[in-house]
Structure formats: structure tokens, C-alpha cells
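**Q** Just passing along the structure, written as C-alpha cells.
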Amino acid sequence: NGGKCCFSKADDASFLRNVVNKTSALVNVDRRRVYAFGFSAGGVMSHTLGCPASDVLAAVASVDGPIEVSQPCAPARRVPVLHFHGTLDPVFPYHGTAIYNGADQTLAAWRAVDNCTGAALNSTLSPRVHVAAYAGVASEVQLATVKDGGHRMPPENAEPEDYIWKFFSRWQLAA
């Protein structure tokens, strides 16, 4: 139920809450530190869940899966977001299409939701991965652009998994 690419009538936000509740009953889960991450359609789903499940998710991250919500995104709180996107992605093109959003639309949507109005703080993860980070009050939105990147995880020398975890570990829900 991720929007234009992956729409169904399933109630994925309720399913997510149920997974967190049942898992928490079985093992010790820090419920302030639950995150959503996905690649491609899973990334679309991560963005989608960030809207209605901001009370469960401390932050979301996506690789090559843009925001494709079917209703306006109105989370109960500002949601920290990290989005990786390859400039040569043939599935979800970087600049979007008439059907799908791209990196720019994803960044703009989350910057508006999180009220990140200032200038970007730019950095580099590797020669091919450039990050634009926008700070807001109690949140941050980052776009990691993978130059000449296709529809796949960013290059290993950028250590994307470590970068995603470092991003996530900075965020938790209020106690």
C-alpha cells in the first residue's frame, strides 16, 4: 500500500503497529527506536509509513524508492528522513516522471512536512555520493544523490548501511 507504484487496500500502518506490539511482547524492544528502511518498493513503503505511523517510527530511510503517498502526508510529528537516489535509476527516475515522483519531489515533500526551510548542509560520502541535509526543528531531511547510480544500493565505498544506521541512531521518539 505504498501509493502509485504499489497500491492496495491493505492497512499497512495497522499491520506495522501489530508487528511492533507482538515483537515487543516476545523480545525486549526499545519502542522509542523503531525505524523503517526499504529499497525500491520497500523504500516507497518506508516513506508511506512515515506519514500515518510517526507515533511508532523514530525515522525512515529509503534507497531508490520515492514518496508516493495516495493521500496528503500529515504525520503527528516531524519525521527524520534519509533518502538515497541514483541519478540513472531506470525504475524510479531521479527527476521523476509523469507517473512517479523523483528525488526532488520526495525531498520537497518531506522538507515541507518537517518545516526544513533553511539552506542545505552539503557533504560527500564518496566521490559518487553527495548529501544535502536540511535541518528542521526536531527533525532533519537528507538526500544522498548517487551520481551515475542505477536502481541498486549505493557503492560499497560509501558505506551506505553504516550511514543509514548512524542516521537512525541519532533519532528516537520522546519518552
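The values are calculated or read from the model by the stated rules, or taken from the named source; none is laboratory data. Fair warning: this is a prediction, and the values are worked out from it, not measured in the lab. FYI the Cβ positions are ideal-geometry reconstructions off the backbone, even for glycines, and counts take in every protein chain you see. Ligands, DNA and RNA are excluded from the accessible area calculation, which covers all protein heavy atoms including side chains. Shrake-Rupley method; radii C 1.70, N 1.55, O 1.52, S 1.80 Å.
Here is a yes/no grid of residues against (1) of a type in the set (S, T, N, Q); (2) modelled with pLDDT of 95 or more; (3) in contact with a Phe, Trp or Tyr (Cβ under 7 Å, 6 or more places away or on another chain):
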| position | (1), (2), (3) |
| --- | --- |
| Val81 | no, yes, yes |
| His85 | no, yes, yes |
| Arg111 | no, yes, yes |
| Gly136 | no, no, no |
| Val146 | no, yes, yes |
| Glu156 | no, no, no |
| Trp165 | no, yes, no |
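**Q** Is there any pair with a first residue in the range 128-139 that is under 20 Å from Arg78 (Cα atoms) and a second that is in a loop (DSSP other than H, G, I, E, B) and open to solvent by less than 70 Å² (accessible area, probe 1.4 Å) whose Cβ atoms are under 6 Å apart and which are 6 or more apart or on different chains, and what are they?
**A** If the second residue must be in a loop (DSSP other than H, G, I, E, B) and open to solvent by less than 70 Å² (accessible area, probe 1.4 Å), the pairs left are Ala132/Ala120; Tyr134/Cys116; Tyr134/Ala120; Gly136/Cys116; Ser139/Pro80.
**Q** Restricting to the range 1-14, name every residue that is within 18 Å of Ala76 (Cβ to Cβ) and either open to solvent by 80 Å² or more (accessible area, probe 1.4 Å) or modelled with pLDDT of 95 or more (or both).
**A** Step one: filter the range 1-14 for residues within 18 Å of Ala76 (Cβ to Cβ), giving 11-14.
Hit for the range 1-14 is Asp11, nothing else.
**Q** Is it the case that some residue within the range 143-152 is polar (S, T, N, Q) and open to solvent by 10 Å² or more (accessible area, probe 1.4 Å)? Show your work before the answer.
**A** The initial filter retains those residues of the range 143-152 that are polar (S, T, N, Q), namely 145.
Remaining after also requiring open to solvent by 10 Å² or more (accessible area, probe 1.4 Å): 145.
Scanning the range 143-152, I find at least one residue that is polar (S, T, N, Q) and open to solvent by 10 Å² or more (accessible area, probe 1.4 Å), so the answer is yes.
**Q** Every residue in the range 15-73 that is in a strand (DSSP E or B) and open to solvent by 60 Å² or more (accessible area, probe 1.4 Å), please. Steps first, please.
**A** First, pick out the residues of the range 15-73 that are in a strand (DSSP E or B): 35-39, 59-63.
If the condition is that a residue be in a strand (DSSP E or B) and open to solvent by 60 Å² or more (accessible area, probe 1.4 Å), then Phe37, Phe39 are the ones that fit.
**Q** State which residue is surrounded by the most Cβ atoms within 10 Å (Cβ to Cβ) when the search covers only the range 74-99 and only residues that are among the hydrophobic types (A, V, I, L, M, F, W, C) and more than 14 Å from the chain's Cα centre (by Cα). Steps first, please.
**A** Of the residues in the range 74-99, the ones among the hydrophobic types (A, V, I, L, M, F, W, C) are 74, 76, 79, 81-82, 84, 88, 91-92, 98-99.
Of the ones still in play, those that are also more than 14 Å from the chain's Cα centre (by Cα) are 74, 76, 88, 91-92, 98-99.
On the way: Ala74: 10, Ala76: 10, Leu88: 12, Val91: 14, Phe92: 26, Ala98: 4, Ile99: 10.
Only one residue tops the list, namely Phe92.
**Q** Also, quick follow-up: Give Ala112, Ala132, Ala144 a once-over and let me know the one that is over 17 Å from Gly65 (Cα atoms), under 16 Å from the mean Cα position of the chain (by Cα) and in a strand (DSSP E or B).
**A** Ala132
**Q** Name the single residue that is least open to solvent (accessible area, probe 1.4 Å) among those in the range 100-135 being more than 26 Å from Pro90 (Cβ to Cβ) and among the polar types (S, T, N, Q).
**A** Residue satisfying both the conditions and the ranking: Ser123.
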